[in-house]
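One structure is given below, encoded as structure tokens.
The values are calculated or read from the model by the stated rules, or taken from the named source; none is laboratory data. A quick note: this is a predicted structure, and the numbers were derived from the prediction, not measured. For neighbour counting, all protein chains shown are included, and Cβ atoms are generated from backbone atoms with ideal geometry for every residue, glycine included. For the accessible areas, the whole protein counts, side chains as well, though only heavy atoms, and no ligand, DNA or RNA atoms are used. Shrake-Rupley method; radii C 1.70, N 1.55, O 1.52, S 1.80 Å.
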Amino acid sequence: MAPKSVSIKVDDAQRVSGLLQAPADACACYVFGHGAGAGMTHPFMAAIANGLAERSIATLRFQFLYMERGSKRPDSPKLAHAAVRAAVLEASRLSLPLFAGGKSFGGRMTSQAQAESPLPGVRGLVFLGFPLHPPGQPSEDRAKHLFDVQIPMLFLQGTRDEFANLELLEPLCQRLGPRATLKLFPDADHSFHVPARSGRKDPEVRAELLDAMATWINSVL
């Protein structure tokens with residue numbers, strides 16, 4: 001189904017664009033933000049929205065303010081959190097159970113917002129490649145806030161993701177306890193791309209990712 005354009009009020013002076021896809025049989029809605037370098041219309045974002053619609057899950061993807069303005073410099077956390085909250089509020093109009101998260105930067109800003117103050121109606125967070133640290137700079141500093149998130153979290157991560165050293169990510173998820181679920185995708189990088197030598201193709205990985213998301217969302221419900 002074709003996405004519907006929506007305008008999301010962030011505050012009295014600012015709005016951002018969103019794309020809503022809500023199949024008639026939707027059991028939940030996933031509110032998700034884009035990565036730092038590409039907006040909500042990126043092919044990966046569209047593929048996730050289309051794939052979830054096929055699995056009876058509505059989606060609302062949205063722009064962060066800097067992307068709306070055409071800037072390449074990501075917003076401050078305060079502004080990014082405000083956009084996340086505005087998008088969750090917009091999605092609540094559907095009267096469906098809500099899940100939130102996003103690709104890389106979008107997922108991290110969502111988890112920070114949730115850690116500061118729970119997002120109303122959100123039952124769980126789904127990270128499409130959590131950016132634990134910058135490439136080549138292994139650290140857990142970006143994960144400290146996750147211990148303040150008290151709802152279930154699903155980490156979908158490629159084993160070749162240079163933004164998340166598995167020697168750090170796997171123990172981190174273990175320390176987060178039963179509220180954290182880690183699903184690994186062999187040979188996939190931060191964009192869930194796999195090399196030809198893996199014997200698999202990107203659409204296969206994406207289908208596996210979408211199935212994992214849908215199964216986990218239904219288990220939380």
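I'm trying to understand the selection: among the residues of region 96-127, which are under 10 Å from Gly33 (Cα atoms), in a helix (DSSP H, G or I), of a type outside the set (S, T, N, Q) and open to solvent by less than 10 Å² (accessible area, probe 1.4 Å)?
Gly106, Gly107, Met109
If a residue has to be within 20 Å of Pro97 (Cβ to Cβ), within 16 Å of the chain's Cα centre (by Cα) and open to solvent by less than 10 Å² (accessible area, probe 1.4 Å) to count, how many in region 1-54 make the cut?
Total meeting the criteria: 12.
To keep it simple, each residue is scored yes or no on (1) within 19 Å of Leu52 (Cβ to Cβ); (2) aliphatic (A, V, I, L, M).
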{"residue": "Ala87", "(1), (2)": "yes, yes"}
{"residue": "Ser92", "(1), (2)": "yes, no"}
{"residue": "Ser95", "(1), (2)": "yes, no"}
{"residue": "Gly102", "(1), (2)": "yes, no"}
{"residue": "Met109", "(1), (2)": "no, yes"}
{"residue": "Ala115", "(1), (2)": "no, yes"}
{"residue": "Arg123", "(1), (2)": "yes, no"}
{"residue": "Phe127", "(1), (2)": "yes, no"}
{"residue": "Pro131", "(1), (2)": "no, no"}
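Identify, from the list Phe163, Phe185, Phe130, Phe155, the residue that is in contact (Cβ under 8 Å) with a residue 40 or more places away in the chain, within 22 Å of His34 (Cα to Cα) and aromatic (Phe, Trp, Tyr).
Working: Phe185 fails: in contact (Cβ under 8 Å) with a residue 40 or more places away in the chain; Phe130 fails: in contact (Cβ under 8 Å) with a residue 40 or more places away in the chain; Phe155 fails: in contact (Cβ under 8 Å) with a residue 40 or more places away in the chain.
Testing whether each residue is in contact (Cβ under 8 Å) with a residue 40 or more places away in the chain, within 22 Å of His34 (Cα to Cα) and aromatic (Phe, Trp, Tyr) leaves just Phe163.
Count, please, the residues in region 63-86 that happen to be open to solvent by 20 Å² or more (accessible area, probe 1.4 Å) and in a helix (DSSP H, G or I).
Let us first name the residues in region 63-86 that are open to solvent by 20 Å² or more (accessible area, probe 1.4 Å), namely 63, 67-74, 76-79, 82, 85.
From what's left, in a helix (DSSP H, G or I): 67-69, 77-79, 82, 85.
Result for region 63-86: 8.
Determine whether region 131-149 contains at least one residue that is of a type in the set (Gly, Ala, Ser), open to solvent by less than 10 Å² (accessible area, probe 1.4 Å) and either within 19 Å of Asp75 (Cβ to Cβ) or in contact with an Asp or Glu (Cβ under 9 Å, 6 or more places away or on another chain) (or both). Let's see the steps before the verdict.
Step one: list which residues in region 131-149 are of a type in the set (Gly, Ala, Ser), which gives 136, 139, 143.
Add one more test, that the residue is open to solvent by less than 10 Å² (accessible area, probe 1.4 Å), and what stays is 143.
Adding the requirement that they be either within 19 Å of Asp75 (Cβ to Cβ) or in contact with an Asp or Glu (Cβ under 9 Å, 6 or more places away or on another chain) (or both) leaves none.
No, region 131-149 contains no residue that is of a type in the set (Gly, Ala, Ser), open to solvent by less than 10 Å² (accessible area, probe 1.4 Å) and either within 19 Å of Asp75 (Cβ to Cβ) or in contact with an Asp or Glu (Cβ under 9 Å, 6 or more places away or on another chain) (or both).
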